[in-house]
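Notes follow once the structure below has been shown.
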Amino acid sequence: MKWLRISTALTGIAACSFMLAQVAPHAREAGAILAGQDDPAVLSEIRLDALLRQNDRLIQDNIEAALAAGDADLADSFVALARDRNIALPDALLTGVSDAVKEENSTSHFAKRFATGLVTGSADDVASLSGTVAGDLFVIGDIRDVVREGKHLAMGEDTDRLVLGLAAAGLAVTAATYVSVGGAAPVRAGLTLVKDARKVGRLSEGLAAWAGRSAREVVDTPMLRNAVAKGSVLRPGETVSAIKAAFRAEKAGALVRLGKDVTRVAEKTGTRGAMETLRIAEGPKDVARAARLAEAQGGKTRAIMKLLGRGALLLVAGAFNLTLWLFGAALTLLGLLSSIKATTERLTQAWCDRRRARRIRRAQIAAEAALAAAALRA
């Protein structure tokens with residue numbers, strides 16, 4: 001019975017040791033994720049480590065896919081990520097990315113995209129964004145958007161109130177840009193990106209809902225409706241003055257912060273990176289996290305967000321599961337320590353019992369010897 005108890009304790013040590021070896025890596029990763037959940041740079045690094053361990057061709061496959069889609073900027077971002085991770089890539093693939101980037105940055109391509117952004121007001125790269133911002137800085141783009149959406153509003157038709165509000169806010173910010181000699185330009189560029197993301201359907205539902213509420217707060221709708229009903233691109237001065245009168249600058253703080261954060265992302269990741277951020281962000285806090293991530297990771301940010309999505313910014317789900325891994329590891333460790341304690345106690349007790357039995361046998365032998373000697377003397 002005694003050795004059965006010892007064997008049971010030893011089995012407990014073996015079982016808990018095996019379970020701890022299985023659970024410990026997951027628990028260690030879970031602990032690191034929970035500790036870094038407020039730092040998007042740290043969080044993305046941990047998640048990338050886990051993802052790249054599962055597929056060593058992940059980066060190469062994504063580069064090839066980006067080149068096939070004509071997105072040289074994304075392919076170059078993956079190259080930067082591979083370089084940072086010391087992942088070797090075929091020379092032919094690196095050459096292909098380099099050639100694609102040169103073509104995308106060529107003068108002819110830039111001029112064509114600039115003109116597209118200036119005329120249509122839609123941006124999906126640096127060149128077209130430059131044209132779009134130029135149009136908005138000269139109030140052409142914002143007046144165009146305000147008048148178009150305002151006419152819909154005045155006639156009772158479907159109106160994109162978000163685009164309307166952003167354009168109205170943009171006109172007020174543009175005036176501040178001129179007054180401050182470009183000091184408000186980052187906000188102007190960020191608001192333009194948000195507006196363009198809305199137009200092309202790249203603004204997430206959560207962010208669109210938040211921006212829509214914010215846009216309604218900064219605009220006096222009756223006054224704006226009256227202004228745009230009489231406004232025209234052919235009378236920019238009169239139209240801008242009327243629209244600015246309907247803009248509540250004191251309530252524009254949230255939109256201004258959003259514009260600044262979007263611009264911070266665009267400065268590090270490019271226009272497409274900012275657009276992708278607006279697609280996955282569910283609110284201004286997500287955009288602020290993306291700005292912190294972009295400042296920490298630079299040109300690798302687009303690749304990281306492509307691989308991780310919103311998971312690059314925060315714990316989108318699984319916090320309970322991560323906690324369970326830690327709890328399971330703690331229980332397993334407690335079981336191991338308890339088994340070690342029980343084994344030690346039972347081995348010690350067995351050793352003590354054995355010494356006691358030896359002493360008793362020696363005493364018995366001595367007593368028997370004494371009795372035998374007394375019998376002989378008698």
Just checking, which of ALA342, ALA288 is modelled with pLDDT under 90, assigned to a helix (DSSP H, G or I) and open to solvent by 20 Å² or more (accessible area, probe 1.4 Å)? ALA342
Looking only at region 180-196, decide whether some residue is open to solvent by 50 Å² or more (accessible area, probe 1.4 Å) and modelled with pLDDT of 70 or more. no
Keeping to region 264-283, report how many residues are outside any helix (DSSP H, G or I) and more than 22 Å from GLY212 (Cα to Cα). 0
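Conditions tested, residue by residue: (1) basic (Lys, Arg); (2) touching a helix residue (DSSP H, G or I) at 6+ places or on another chain (Cβ under 9 Å); (3) open to solvent by less than 20 Å² (accessible area, probe 1.4 Å); (4) modelled with pLDDT of 85 or more.
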position: GLY31; (1), (2), (3), (4): no, yes, no, no
position: LEU34; (1), (2), (3), (4): no, yes, no, no
position: LEU51; (1), (2), (3), (4): no, yes, no, yes
position: ILE63; (1), (2), (3), (4): no, yes, yes, yes
position: ASP73; (1), (2), (3), (4): no, yes, no, yes
position: ASP91; (1), (2), (3), (4): no, no, no, yes
Just to be sure, is ARG235 within 28 Å of ASP84 (Cα to Cα), open to solvent by 40 Å² or more (accessible area, probe 1.4 Å), of a type outside the set (A, V, I, L, M) and at pLDDT below 90? no
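The values are calculated or read from the model by the stated rules, or taken from the named source; none is laboratory data. What you see is a predicted model, and the numbers here were worked out from it, not measured in a lab. Positions of Cβ are generated from backbone atoms using ideal geometry, with glycine treated the same way; all protein chains shown enter the neighbour counts. Note: accessible area is taken over every heavy atom of the protein model, side chains too, but ligands, DNA and RNA are not part of it. Shrake-Rupley method; radii C 1.70, N 1.55, O 1.52, S 1.80 Å.
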